[in-house]
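Asks: First the structure, which I've put down as C-alpha cells, then a few questions once you've had a look.
The values are calculated or read from the model by the stated rules, or taken from the named source; none is laboratory data. What you are looking at is a predicted structure, and each value in this text was computed from that prediction instead of being measured. Cβ placement follows ideal geometry from the backbone for every residue including glycine, while neighbour counts extend to all protein chains displayed. Each accessible area value is taken on the protein alone, full model and side chains, heavy atoms only, with ligands, DNA and RNA left out. Shrake-Rupley method; radii C 1.70, N 1.55, O 1.52, S 1.80 Å.
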Amino acid sequence: MRLAIFSDIHGNLEALQAVLERCADIGVDRTLCLGDLVGYGVDPNRCIEQVCEVADIVLAGNHDWVAAGLEEPRYFNPMALTAIRWTAAELTGAHIAYLQARPLT
C-alpha cells in the first residue's frame, strides 16, 4: 500500500495540485493531510475543497484553527497575522465549519 502524507499547504493551490498530481502518477492508495490547509496563500477555499476530495484523513493545524476562530493567534508574527486575518475573511461558512470539525490529533 502506498500512503501519501502531506501538510502545510497554507492556501497554495499550485503546490497542492503538484503534490496531488505526483500522488496520482505513483499510484497512491491513501492520503493523509496533517493540517495547515490555509494560512498564507490566496486560494484557501479551493485548497480545502481539493483536500476534501482526496484525503482519507484530515487533521487541523494551528493556522486552520485560528482562521476558523477556535484559537487566538498568540504566537503569529505580523506577516502571519495579516495573512490569517485575510484568510478568515475569505473562507466560506462551510469551509469554516469544516476546519472547526478537524481534530488536532
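Asks: Please go through region 8-50 and pick out each residue that is of a type in the set (S, T, Y) and either open to solvent by 60 Å² or more (accessible area, probe 1.4 Å) or within 19 Å of Q100 (Cβ to Cβ) (or both).
Replies: Of everything in region 8-50, just one residue is of a type in the set (S, T, Y) and either open to solvent by 60 Å² or more (accessible area, probe 1.4 Å) or within 19 Å of Q100 (Cβ to Cβ) (or both), namely Y40.
Asks: Related question: State whether the residues of region 71-78 include one that is surrounded by fewer than 16 Cβ atoms within 10 Å (Cβ to Cβ), among the hydroxyl-bearing types (S, T, Y) and touching a Leu at 6+ places or on another chain (Cβ under 7 Å).
Replies: Checked against the condition, which is being surrounded by fewer than 16 Cβ atoms within 10 Å (Cβ to Cβ), among the hydroxyl-bearing types (S, T, Y) and touching a Leu at 6+ places or on another chain (Cβ under 7 Å), region 71-78 yields no hits at all.
Asks: Tell me, please, whether a residue that is in contact with a helix residue (DSSP H, G or I) (Cβ under 7 Å, 6 or more places away or on another chain) and of a type outside the set (G, A, S) can be found in region 23-30.
Replies: no
Asks: Further question: Going by the structure shown, is L104 open to solvent by 30 Å² or more (accessible area, probe 1.4 Å), at pLDDT below 95, of a type outside the set (S, T, N, Q) and not in a strand (DSSP E or B)?
Replies: Yes: the conditions hold for L104.
Asks: Exactly one of these conditions fails for E53: (1) over 24 Å from D29 (Cβ atoms); (2) among the charged types (D, E, K, R); (3) open to solvent by 40 Å² or more (accessible area, probe 1.4 Å); (4) assigned to a helix (DSSP H, G or I). Give me its number.
Replies: Failing condition for E53: (1).
Asks: Given the residues W86, W65, which is the only one that is surrounded by 13 or more Cβ atoms within 10 Å (Cβ to Cβ), farther than 28 Å from M1 by Cα and either basic (K, R) or out of contact with any helix residue (DSSP H, G or I) (no Cβ under 8 Å at 6 or more places or on another chain) (or both)?
Replies: One residue alone meets the criteria, W86.
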